[in-house]
Amino acid sequence: MAFGDQPAYLRVAGDLRQKIVAGELPPHTRLPSQARIREQYGVSDTVALEARKVLMAEGLVEGRSGSGTYVREQPVPRALARTGYRTAGESTPFRQEQADSRVKGTWESRSEQVAVDTALARRLRIATGDRAMRTDYLFRAGGEPVMLSTSWEPLAVTGRTPVMLPEEGPLAGRGVVERMAAIDLIVDNVAEEVSARPGLAEEVLALGGVPGHYVVVVSRTYFAGGCPVETADIVVLAERYRVAYHLPVK
C-alpha cells in the first residue's frame, strides 16, 4: 500500500509519531486535543480519535484521567542477558537474569503444588496431571518491578527433598544448578525459546506497563542427564528489554 493510499487516521498518527520521535512533542507534553487534530489535519472527529488510539496502542501516549492524553517517556531498553546455566556457588536467580552487575535485585515469591496441564507435561516429560511445584516470582530492581517468572519442578524429582521449596530450606533463593546438585543431579544442559505476545492484563499491571503492550517471554528448561528438572517462563515488557545471548564456542 502506498503512503498516499493509507487510511487518513494512519497518516495522522504517522505525522504525530514523527513529531514525538523527533522531540517536537517531548515527554509529558499534552497531545493536541481531538478538536485540534481535526482542525490541523482537516479530518473528521472519527479520524482524529482513531489516530489517538493508534498512538496509545503503540505506547507513545497515555491517557490521564480528567487531564487529557500525554506523550509517554520512553524507557531505554536494557539487556536481558542469557548466558546458559551457572555453576554451583554462583548468584541468585535474579542475578542470573541480569546483565548489569550493579543492579540490586529483590524478589517476592509464592510456591504451591499443582497438577500440570498437557503443555507443561510435554516440557517436563511427565504425564498430564502429575504434580509439580509451581513458584511465581516478581523481581524488582531499585524497588521497581522488572520481571515476572513462573517455574515448575516435578515433584517426582524434588519431592521430599531439602530443595522441594525453592525459597525455603538450606538452599533458599539459590539457583537451579546449585539446588539440583544438592540432591545429586548435575545440570548439564539448558534450552530456551524466545517469543513475544500481548501481555496479560495482570502481567502488564504487575510490571508497571500500559495495557495492550507486548511482553517478551523466555521459556527455559534445565536438564540433568537428558531429563528436565525445571522449566520456567520469564516475562518482561518488550519495550524495556532486549534479549542478549552470550554463547561459548566449543
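Key figures for this structure:
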| quantity | calculated |
| --- | --- |
| Extension gain (nm, one decimal) between K53 and A244, 0.36 nm per residue minus Cα-Cα | 65.6 nm |
| Estimated FRET transfer efficiency (E62, D117; beta-carbon r; R0 45 Å; 0.05) | 0.80 |
| Listed residues T29, T231 arranged by accessible area, highest first, probe 1.4 Å | T29, T231 |
| The chain - percent relative contact order, Cα under 8 Å, separation 6 or more | 17 |
| Surface per residue (accessible, 1.4 Å probe) for the chain, Å² | 54 |
| Accessible area (Å², 1.4 Å probe, nearest 10) - E62 | 60 |
| Backbone N within segment 203-234 under 18 Å of label point (7 Å from D184 Cα along the Cβ vector) | 224-227, 229 |
| Mean ellipticity per residue at 222 nm, deg cm²/dmol - from DSSP H runs of n ≥ 4 across the chain, formula -39500 (n - 2.57) | -6500 deg cm²/dmol |
| Lys, Arg +1 and Asp, Glu -1 on Cβ, resulting dipole of the chain about Cα centre, debye, nearest 20 | 400 |
| Estimated inter-spin distance, V21 and R197, nm [label 7 Å along Cα→Cβ] | 2.9 |
| Solvent-accessible ranking of S65, S109, S151, largest area first, probe 1.4 Å | S65, S109, S151 |
| Residue-span extension gain [R30 to T128] - 0.36 nm each, minus C-alpha spacing | 30.1 nm |
| Share, in percent, of DSSP beta bridges within the chain that are antiparallel, nearest 5 | 90 |
| C-alpha long axis of helix 8-22 to longest principal axis of the chain, angle in ° | 70 |
| Global form of the chain, assessed from the alpha-carbon gyration tensor, a/c cut-off 1.5 | prolate |
| Percent RCO, i.e. relative contact order, over segment 124-214, from Cα pairs under 8 Å lying at least 6 residues apart | 19 |
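The values are calculated or read from the model by the stated rules, or taken from the named source; none is laboratory data. Remember, it's a predicted structure, so these values are computed and weren't measured experimentally. Methodologically, a virtual Cβ is constructed for each residue, glycine included, from the backbone with ideal geometry; neighbour enumeration extends over all protein chains shown. The protein model used for the area step is the full one, side chains on, heavy atoms only, and it has no ligands, DNA or RNA in it. Shrake-Rupley method; radii C 1.70, N 1.55, O 1.52, S 1.80 Å.
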